[in-house]
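The values are calculated or read from the model by the stated rules, or taken from the named source; none is laboratory data. Please read all numbers here as calculations on a predicted model, not as lab measurements. Note: ideal-geometry Cβ built from the backbone for every residue, glycine included; neighbour counts use all protein chains shown. Accessible surface areas use protein heavy atoms only, side chains included; no ligands, DNA or RNA. Shrake-Rupley method; radii C 1.70, N 1.55, O 1.52, S 1.80 Å.
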Amino acid sequence: MAFHMVMRKILKVEKESWFSNDYVNEGHKKIDRTIRISCLVLIFVQFIIQAEYGFFNLAWYLKIPYPVILYLIVSEITKVVMEKKYAENKNKYLVTTFQLLFNYILICTLIATRVFGWLV
């Protein structure tokens with residue numbers, strides 16, 4: 001949150017509301033909905049696979065958190081592309097890009113360190 005706030009101030013981008021979807025245009029809205037539905041279907045199928053084969057006997061990429069992480073990355077990349085092409089404030093895509101990179105590094109760190117040793 002602090003990182004996002006600092007980046008907004010440096011690049012002079014207006015504040016976005018927290019839990020709203022700030023779509024650039026109708027095309028962005030349709031693409032985002034397609035990504036959301038695809039991710040939900042993937043999570044549902046993955047849950048069925050996990051229920052069938054056991055929750056602990058699967059490869060890392062077949063566990064529930066990974067499609068959610070994939071959704072977040074794909075959704076943010078889509079937002080970056082749409083903001084770069086269509087946003088009024090061209091610095092807005094930079095804030096989204098830096099936020100995406102920051103979140104990606106944070107997620108990779110948490111996974112690699114097993115949440116800093118809290119998970120066994």
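Taken together, the residues in region 65-120 that are open to solvent by less than 50 Å² (accessible area, probe 1.4 Å), under 19 Å from residue 6 (Cβ atoms) and either assigned to a loop (DSSP other than H, G, I, E, B) or of a type in the set (Gly, Ala, Ser) (or both) amount to 1. Filtering 56, 44, 19 for residues that are modelled with pLDDT under 85 and more than 15 Å from the chain's Cα centre (by Cα) leaves a single hit, 56. Kindly check whether there is at least one residue in region 34-45 that is in a helix (DSSP H, G or I), within 26 Å of residue 13 (Cα to Cα) and either in contact with a strand residue (DSSP E or B) (Cβ under 8 Å, 6 or more places away or on another chain) or of a type in the set (Phe, Trp, Tyr) (or both). Scanning region 34-45, I find no residue that is in a helix (DSSP H, G or I), within 26 Å of residue 13 (Cα to Cα) and either in contact with a strand residue (DSSP E or B) (Cβ under 8 Å, 6 or more places away or on another chain) or of a type in the set (Phe, Trp, Tyr) (or both), so the answer is no.
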